[in-house]
1. Please specify each residue of region 436-462 satisfying the condition of being assigned to a loop (DSSP other than H, G, I, E, B), open to solvent by 10 Å² or more (accessible area, probe 1.4 Å) and within 30 Å of G117 (Cβ to Cβ).
2. If a residue must be surrounded by 21 or more Cβ atoms within 10 Å (Cβ to Cβ) and farther than 8 Å from P788 by Cα, how many such residues does region 689-699 contain?
3. What are the residues in region 612-630 that are assigned to a helix (DSSP H, G or I), among the hydrophobic types (A, V, I, L, M, F, W, C) and touching a helix residue (DSSP H, G or I) at 6+ places or on another chain (Cβ under 6 Å), if any?
4. Hey, R959 hits all of (1) under 28 Å from the mean Cα position of the chain (by Cα); (2) open to solvent by 50 Å² or more (accessible area, probe 1.4 Å); (3) closer than 13 Å to L926 by Cα but one; which does it fall short on?
5. Look at region 570-586 and say how many of its residues are more than 16 Å from the ligand (Cβ to nearest atom) and either among the β-branched types (V, I, T) or touching an Asp or Glu at 6+ places or on another chain (Cβ under 9 Å) (or both).
6. For region 5-18, state whether one or more residues are more than 29 Å from D111 (Cα to Cα), open to solvent by 60 Å² or more (accessible area, probe 1.4 Å), touching a residue at least 12 places away in the same chain (Cβ under 8 Å) and not polar (S, T, N, Q).
7. Any chance region 471-478 includes a residue that's within 16 Å of the ligand (Cβ to nearest atom) and out of contact with any Cys (no Cβ under 8 Å at 6 or more places or on another chain)?
8. Looking only at residues that are out of contact with any strand residue (DSSP E or B) (no Cβ under 8 Å at 6 or more places or on another chain) and more than 26 Å from L789 (Cβ to Cβ) in region 718-742, which one is least open to solvent (accessible area, probe 1.4 Å)?
Amino acid sequence: MHDDRTLVESRLKRVLDERIRPAVYPESVPLEIGVWTAPGEPVPVAEGLAAPRTPIAVGDAWGAPWGTSWITVTGTVPQAWAGRTVEALIDLGFDANMPGFQCEGLVYRPDGTPVKGLNPQNQWVRIAAPAVGGEQVLLHVEAASNPVILDYHPFLPTELGDKETAGDQPQYKLTRMDLAVFDETVWQLVIDLEVLGELMAELPVDGARRWDVLRAVERALDAVDLQDVNGTAAAARSELAGVLAAPAVPSAHRISAIGHAHIDSAWLWPLRETVRKVARTTANMTALLEDEPDFLYTMSQAQQFAWIKEHRPEVYARVQKAVAEGRFVPAGGMWVESDTNMPSSEAMARQFVHGKRFFLDEFGVENHEAWLPDTFGFTGGLPQIIRNAGSKWLLTQKISWSQINKFPHHTFLWEGIDGTRIFTHFPPVDTYNCSMKGSEIAHAARNFKDKGVARHSLAPTGWGDGGGGTTREMVAKAGRMKDLEGSATVRWEKPAEFFAKAEAEYPNPPVWVGELYLELHRATLTSQAKTKQGNRRSENLLREAELWCATASLRTGAAYPYEQLDRIWKTVLLHQFHDILPGSSIAWVHREAEATYAALAAELDSLIDGAQQALAGDASGGRELVFNSAPHPRSAVPAGGAAPAVLGSGACEVIERPEGGFLLRNGLLDVVVDADGLVASVVEVANGRETVAPGARANLLQLHPDFPNMWDAWDVDQFYRNTVTDLTAVDALTALSAPDQAAVRVARSFGSSTVVQTLTLRAGEQRLDIDTEVDWHETEKFLKAAFPLDVHTERYAAETQFGHLYRPTHTNTSWDAAKFEACNHRFVHLDEPGWGVALVTASTYGHDVTRAVRDTDGGTTTTVRFSLLRAPRFPDPKTDQGLHRFRHALVPGAAIGDAVREGYRIGLPERHVTGSAEQVAPLVQLDNDALVVSAVKLADDRSGDLIVRVYEAGGGRARGRLTTSYPLAGAVPCDLLERPWDGTRGEVAVEDGGVRLALRPFELVTLRLSAAG
Ligand SMILES: [Zn+2]
């Protein structure tokens, strides 16, 4: 037979596009339109419904950036349409390719009940089926004119990302506002032809199935009368019934589809808009659940449920009903889909505490999967946190975005730094916005790396990012692929159903040890420095507030601020969302974040001050106490207690050098700051060990051009290193004298910016503090602070949640080389046997470590560089412009335990309070420094029990005893939600009024301590 395959395929495309799809709505009449534009921010629904309308017509422009227009459409169903299916078609000026990234609407009935959301892929509203002639139609649309930020030419700087700079030019034109007859038979024919056409394109050309489908499609096209598509669609469909009924082969890949809209809690829109995005999508999805009995939908992020509960209770009622029916499935058990690189140990834990508790309280649902499809990499600390939250599975697909290395598994056990293993799935469909295209389904089947031993994968299905969710077209396509020859099979299944099947079929999955590093978006560890600092400061202040409020409550009976802390935690957790903390949102989001963090800091400082004053007693007592919230003693003040400070001893001096620069001394370290203001030498006095590599100088600021190929705020591309400017020119170098410190100040200017650094040695401290103030006015540059160290090592440690992980200093493999920018929490540590050095940071997360072998002496220089600032121009054209302050420290001679201690110290300053008490004894004390307290708080159940979270921080085994300064009745190991838990693997035993602990490397244990009497 002659090969006419491409002829038939081209025919299918044209007839579908030009004849069959247009026939879905064969008749229409225009609706009358009125509009009211809200003067500023969105108004309550009742106000929008009641506002007076002015006429507007199709073709008219509407919608200033970020504005809200209330559009009313009215009409009458023609008598001739009686008995037919009638829909309203509302096209606000949509671009079909941008669901969630442009204007959107939520449709209301006159009584204020929401109907469904409108977006470019969902423009219809069902009016009646069957219709009654003469029926009046009246609908209101709350239309949001959110501007397009990410355009066809992506990543161009735009002022549209903040209402303060966006201007008032209308962004859209009303395009179609009609009542129309919906011909379901034609619509079904479209779906049939789409499914078969897309399937055909994926089938081997030399296989019989492809030709079976092709011939059936050809017969169907022959059966369509192009002048009467509506009259002949049924006949065409009957030609396709046979190929659609052919069952899948037994070895077909099995896809568990779940309706989904991965809605970014803020990104190219502000937080307030996400509230409405969630309302639109959930209104749509609850409506779709009612129409489609097989369909299931899942939504993550407890925050988003909480938003609709508060702001759109009528939508929330529909969600509650659908959850109760088991068809709207809360997923993930986190407060938001956070970044996981940067949140602290406690914050990462609280993401699960607040997320899971919300789902338990609201729905009685506890889910067991962590759901993080879009997060930019996963730390080695996360598996233990997931396990301690009572969960056991993880889903993400983001690692498929890695630039260099293809991850070897789709289903595997992921092992964290402590040895906890989590059953993990990467959907091979490689998207969290699956739309049931044949190409996606075929890609999932082909791409799945665990073929032969496993058969199931998951496909999150629906428009995400900016919302929208699943469409009726996707559901219809999934229905045809339930059991279809040549295709993977598709079933709507809940995440838990998928994981149970996947786990059961794959008893010995492969294991991946350590972090799941995303080889992309590495600059999210640095962009928007103020957002990152706000996060770190809030995490530290929350630690202090919980500790001192709990201490004050147990000691003085002061009320514990449960509600306030709960609210503040949730705000901090929200801002850890994977486009806020990473710095990849529009200017509006980061401007608001800075203000929010400032307000939280004031509130937390006030809580801390109040609790500490209550503990210190009346200020007229005149005694100065130092409160130490760190987990280690300092200045003779016990951890978690207060006492008069005993300052470090030892003379500090600054000696001017004849060749220029200064020698700083405190008896522990001799530090040479040369004439360029650079650190030429740091010698540990006790053993004469030099820290700085020969011939190199530390604290060298380096400036790189930084213009990535894509994703400006997210990415730094490896070629940035090809060009570098060392900032060695000095404007001023000044010695600063004070009795208990030796310091110099270095001022420099470069480009349009200035930097002032203060390098300080303090009495009794083996540490060089470096305070940096940058007035940053650069464009597309990357500022680093380099520390070339005389250390020979193949690996270094970087702190992560509840421990640290090791990364190579070399680039042996493509996997090593790809990690050219990585995350630290408070420290980076390097060592040779017997001697190590730590670099600690108060608020920066990005760093790189490289090695070089010196020609001069054959020694190895290992260079650690902290990433300070970037200046990308998309999506915020003024990212990071302005004044910034950073604090870092260099700690020579540091073992890993010293690195841990100094990391806590840099973020938890001593607080001095005048009172009448001689001291405040800590509530709990541990007798082993490797056992670190990460939180002391009162139990969330308000029982008055004390919750103490302890982890082994050194990476070894640690035994120790926890004692309380009050009579202890019992200690119960708990999960993160403070429920009794037998999953603690270490030893916890109450004896002699204390708790004996024996923890494994990096093991975390949460204890509920009840007081006697
Ligand atoms: Zn996202």
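The values are calculated or read from the model by the stated rules, or taken from the named source; none is laboratory data. Note that the structure is a prediction, hence the values are computed from the model and not measured. Cβ sites come from the backbone with ideal geometry, for glycine too, and all protein chains shown count toward neighbours. Heads up: the accessible areas ignore ligands, DNA and RNA and are worked out on the full protein's heavy atoms, side chains in. Shrake-Rupley method; radii C 1.70, N 1.55, O 1.52, S 1.80 Å.
1. The one that is assigned to a loop (DSSP other than H, G, I, E, B), open to solvent by 10 Å² or more (accessible area, probe 1.4 Å) and within 30 Å of G117 (Cβ to Cβ): K437.
2. Qualifying residue count, region 689-699: 2.
3. A614, L615
4. Among (1) under 28 Å from the mean Cα position of the chain (by Cα); (2) open to solvent by 50 Å² or more (accessible area, probe 1.4 Å); (3) closer than 13 Å to L926 by Cα, R959 violates only (1).
5. 2
6. yes
7. Looking through region 471-478, none of the residues is within 16 Å of the ligand (Cβ to nearest atom) and out of contact with any Cys (no Cβ under 8 Å at 6 or more places or on another chain).
8. This residue is A738.
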